[in-house]
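Data block below; observations after.
Values in this text are rule-based calculations from the coordinates and carry no lab data. The structure displayed is predicted, hence computed values, not measured ones. Cβ placement follows ideal geometry from the backbone for every residue including glycine, while neighbour counts extend to all protein chains displayed.
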Amino acid sequence: MLSDLLQHNMRWATQKRQADPNYFERLAALQQPEYLWIGCSDSRVPANVITGLEPGEVFVHRNVANLVHRGDLNILSVLEFAVETLQVKHIIVCGHYNCGGVRAAMDGHQHGLIDHWLQPVRDTADEHRDALEKIIDGDRRLNRLCELSIKAQVDGLARTPIVQSAWKRGRSLNIHGWVYGLSDGLIRDLECGACA
């Protein structure tokens, strides 16, 4: 099975070179993406594929349930590198409907270390408990929580010292909250963005 992946890579690289002989030279020369994508680790939500972007056009960070923990050195390092070194213009927090991480946060079972990671989802659910309890259908309730969690991540991201510092220096930097539909392949803008 791993050899299949290597064969797929060989075919892909060959096709790219046939279509554009200088493709890899240009790609290797410079990384200047305009976008930082903070998305879910779910294998069904690959940033480049669902947005139609080529390698080099989006800087990607993925984790379970697309969370922005302000104490997580991994995401903070990615954020700082994207904002300060790559000079991205847009940060996109993109979750997806029917997120397994959001479901695990709310299913009442213990899952181990991931329970600590998913605590912000439970905090968001607690904050919006009354509105969520009014949604009778369990899948619709889960999807609404996915949206609310994305909005909470956008808000938290806007308050990080990295983003605040960039805005104070006059940087044009916009944050967007999007959700991807697994059932239809469409991205929806939740219109919960932030900018300086």
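Summary table below
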read-out: Size of electric dipole in the chain: Cβ of Lys, Arg +1 and of Asp, Glu -1, about Cα centre, debye, nearest 20; value: 320
read-out: Burial order of peptide ranges 5-11, 150-156 (average beta-carbon count within 10 Å, highest first); value: 150-156, 5-11
read-out: Sorted peptide list for 157-164, 12-19, criterion being average Cβ within 10 angstrom, highest first; value: 157-164, 12-19
read-out: Antiparallel %, DSSP beta bridges [both residues in the chain], to 5; value: 20
read-out: Lysine pair count for the chain [Cα-Cα under 26 Å; pairs on different chains or 8 or more apart]; value: 4
read-out: Label-point separation in nm, residue 74 to residue 98, each point 7 Å along Cα→Cβ; value: 2.5
read-out: Förster radius 45 Å - calculated FRET efficiency between residue 29 and residue 159, Cβ distance, rounded to 0.05; value: 0.80
read-out: Spacing of the two label points (7 Å from each Cα toward its C-beta) at residue 4 and residue 111, in nm; value: 2.6
read-out: Selected from 184, 107, 123 as most flexible by GNM, with the chain as the system and alpha-carbon contacts under 10 Å; value: 184
read-out: Whole-angstrom gap from the range 133-174 to the range 29-81, using each part's C-alpha centre; value: 15
read-out: Spin-label model distance (nm) - residue 17 vs residue 123, 7 Å beyond Cα toward Cβ; value: 5.0
